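A short write-up of the structure that comes next.
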């Protein structure tokens, strides 16, 4: 296990420390890099572009994550109930999108959203007026949410389903003998059984939401006007360091986002485990 | 009889239909893609997305993808294979060895190591990406294959899965018995533990394979040279070419290229997905 620890230290700990170190400096066009103390952090806390992105991913988080996990939970319960025709087919087919590369997923949906290449044109022709137009300011975040949901519903379903499988069959037998119906069993046995897995799935989803990058970046290639250079904090950090050459400030943004994420994930974990007791 | 009826529940049409809707949602984009790879560029833009239209151009499209830009697609395919075999393979070996070690041997600082690794799962990948890039550029590693492979080698989540799985699947008594019989630690690991760990290893390997095959962000920041691109980054490049201002529209290339990119990973996935079940099962015992 020593090789792992060495690799771990090199690939995770070193960059982390280095990025903290970087965040204490300032890059200037003239005069090079100078020590700046915590000035970058002060800038970050008053930076409307950063908070615009944070607001956007928070909104995304609050709406998309519950929908995705809700669907995943219903699907996991349905498959576990044994009342489906073709249960293993469902399990594999729903999980399949997880194997599709994010780039390809966005490409497919991105084209399908397009009214010439895709399906929205056909839908709009059918109803006779422009019912859906994903490439507008009001719709684009929903459009991104849909892609992310599509990619990860099956993955979350499988995590929850695996947790359901660990419930011993005797418990269901006992419940059935006591006259509990399906809904009672779901509420009193199954939901408590998946709580731990649900907390983990929630935390992973929170991490994913705060790091939102791929989907908007690729959609930007299809529809450049709708996605700004600071659409999400991650895109902002990327543009700062690779387009704007403000490496130190990019490191600061990354650290601030890391802290925000850690705090939110920690609160979720506390709440999740407290309810368990 | 009540227990019997629970174990053999009545099939429900309503539930099947409900999940059927979800199923259609899941495969809708893939279906659209299956029809689209058979179309020529003009037909793509003018026909209904979920049915055939115009001449059957699938083989022409494949040929166009493979020969575009002197066969750069095949080069990207080869690069992706290298990243997956070395990166994901290495990640699996490291995670297995370390997870097994953490689960089965007591040593000083073990809990501290575990806490740090768990914390690392929660570190946003992008908080690391920019500083990793800067470090690599100082070491002269950017724009080389190593820049993509090295960070892929570390998978805290894989290690966590292997740790939990080792703790469950390999009883300590067996190891003690082997020790009493005079088997060395390495021999025990290769003759006994490895076999018990197999489902967990496949699970970790599959997560690593999917993650490396689909990796986009890391190659995006590390690589400038299109000759080193993995498939997904190449596709992104084509998309940029296709939709830029004054660009030649090559949507048929992008779509057929995407199709060829997902076929191998989907096949691997379908063949090996049943192992994930048992691997994840053990993972969720502790979770």
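Dividing the helix sum by the residues of the protein assembly as shown, where each DSSP H run of 4 or more adds -39500 (n - 2.57), gives a mean residue ellipticity at 222 nm of -23000 deg cm²/dmol.
The distance separating the Cα centre of region B:209-231 from that of region B:14-92 comes to 18 Å. Can you classify region A:212-277 as rounded, prolate or oblate using the Cα gyration tensor, where a ≥ b ≥ c are the square roots of its eigenvalues, rounded means a/c under 1.5, and otherwise it's prolate if a/b beats b/c and oblate if not? It comes out oblate by the Cα gyration axes.
Based only on other Cβ atoms within 10 Å, what is the fewest-to-most ordering of B:141, A:59?
Numbers: B:141 18, A:59 13.
So the ranking, lowest neighbour count to highest, is A:59, B:141.
The spacing between region A:156-181 and region A:34-109, judged by their C-alpha centroids, is 27 Å.
Determine the relative contact order of chain B: mean sequence separation of Cα pairs under 8 Å and six or more apart, normalised by residue count, in whole percent. Spell out each step's value before the answer.
Values: 277 pairs, mean separation 75.1, N = 287.
So the answer I get is 26 percent.
Once Rh for the protein assembly as shown is found with the Kirkwood sum over Cα pairs, what is the Stokes-Einstein diffusion coefficient at 25 °C and 0.890 mPa s, in µm²/s?
On the way: Rh = 25.4 Å.
D, rounded to a whole number, is 97 µm²/s.
The modelled label-to-label distance between residue B:93 and residue A:178, using points 7 Å beyond Cα along the C-beta direction, is 5.2 nm. Compactness of chain A, taken as the C-alpha radius of gyration over 2.2 N^0.38 Å, stands at 1.22.
Fewest Cβ neighbours within 10 Å first, please rank B:144, A:142, A:149, B:212 accordingly. Please report the intermediate quantities before stating the final value.
Details: B:144 16, A:142 13, A:149 19, B:212 25.
Listing B:144, A:142, A:149, B:212 from fewest to most nearby Cβ atoms yields A:142, B:144, A:149, B:212.
Assuming a ≥ b ≥ c are the square roots of the Cα gyration tensor eigenvalues, decide whether chain B counts as rounded (a/c under 1.5), prolate (otherwise, with a/b larger than b/c) or oblate. Kindly include the intermediate steps, with their values, before the conclusion.
Working: a/c = 2.54, a/b = 1.40, b/c = 1.82.
Oblate is the answer for chain B, as a/c is 1.5 or above yet b/c matches or exceeds a/b.
Reducing region A:223-277 and region B:182-203 to their Cα centroids gives an inter-centroid distance of 40 Å. Sorting A:203, A:79, A:218, B:13 by the number of Cβ atoms found within 10 Å of their own Cβ, with the fewest placed first, yields B:13, A:203, A:79, A:218.
The numbers here are math on the coordinates, done by the rules we state, and not lab data. Predicted model only: the values in this text are computed from it and were never measured. All Cβ positions, even for glycine, are placed from backbone atoms using ideal geometry, and neighbour counts span all protein chains on display.
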